[in-house]
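**Q** Just dropping this structure here.
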Amino acid sequence: SGVFGNLLANALKYGPRRGSDIKVSAARSDAGWTFAVQGPGPAIAEDGRERLFEAWERGPGERRARGAGLGLAIVRHIVERHGGEVGVAPTGETNNRFFFTLPT
């Protein structure tokens, strides 16, 4: 399903069932293009952010979603193979922004 497909699927899977928005954005800078998917969910602690992009990992305390825990690891692998970077940052107490940057 590709990089965007995985990020959107996670936003839908891990966010609240109703009454929430998912925001998709793209921005160009001197370093390249940054693409992001922002969705609701508890802010991810700094010490757990990098671990989310490892194989077999899930968000802290997440048990309702199915899958092998490979989606974000695949995202990282694809993006890094193209010379880019991935990450996640909270945008408040109830939102997270997953992003990747690709060089121009």
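The values are calculated or read from the model by the stated rules, or taken from the named source; none is laboratory data. Remember, it's a predicted structure, so these values are computed and weren't measured experimentally. Counting neighbours? That spans all protein chains shown, and the Cβs are built from the backbone with ideal geometry, glycine included. The accessibility values were calculated without ligands, DNA or RNA, using every heavy atom of the protein model including side chains. Shrake-Rupley method; radii C 1.70, N 1.55, O 1.52, S 1.80 Å.
**Q** In this structure, is PRO60 of a type outside the set (Gly, Ala, Ser), at pLDDT below 90 and touching a Ser or Thr at 6+ places or on another chain (Cβ under 6 Å)?
**A** Spelling it out, it is not the case that PRO60 is of a type outside the set (Gly, Ala, Ser), at pLDDT below 90 and touching a Ser or Thr at 6+ places or on another chain (Cβ under 6 Å).
**Q** Considering every residue within segment 83-92, establish whether at least one is assigned to a loop (DSSP other than H, G, I, E, B), closer than 12 Å to PHE35 by Cβ, in contact with a Leu (Cβ under 9 Å, 6 or more places away or on another chain) and modelled with pLDDT of 95 or more.
**A** yes
**Q** Quickly run through segment 30-48 and pick out the residues that are open to solvent by less than 60 Å² (accessible area, probe 1.4 Å) and out of contact with any helix residue (DSSP H, G or I) (no Cβ under 6 Å at 6 or more places or on another chain).
**A** GLY32, THR34, PHE35, ALA36, GLN38, PRO40, ALA43, ILE44, ALA45, GLY48
**Q** Here's another thing I want to ask about it. Give segment 1-25 a look and list any residue that's touching a residue at least 24 places away in the same chain (Cβ under 8 Å) and at positive phi, or say none.
**A** GLY2
**Q** Please identify the pairs in which a residue from segment 26-39 that is among the β-branched types (Val, Ile, Thr) has its Cβ atom under 6 Å from the Cβ atom of a residue that is exposed (fewer than 14 other Cβ atoms within 10 Å of the Cβ) and at pLDDT 95 or above, counting only partners at least 6 apart or on another chain.
**A** Matching pairs, first to second residue: THR34/ALA27.
**Q** A further question follows. So which residues in segment 20-51 are in a loop (DSSP other than H, G, I, E, B) and in contact with an Asp or Glu (Cβ under 7 Å, 6 or more places away or on another chain), if there are any at all?
**A** Within segment 20-51, just ALA43 meets the criteria.
**Q** In addition: Can you pull out the residues in segment 5-43 that are of a type in the set (A, V, I, L, M, F, W, C), modelled with pLDDT of 85 or more and more than 23 Å from LEU102 (Cα to Cα)?
**A** Within segment 5-43, no residue meets the criteria.
**Q** Quick one: LEU7 ticks every box in (1) part of a strand (DSSP E or B); (2) touching a Phe, Trp or Tyr at 6+ places or on another chain (Cβ under 6 Å) except a single one, so which number is it?
**A** That leaves (1) as the condition not met.
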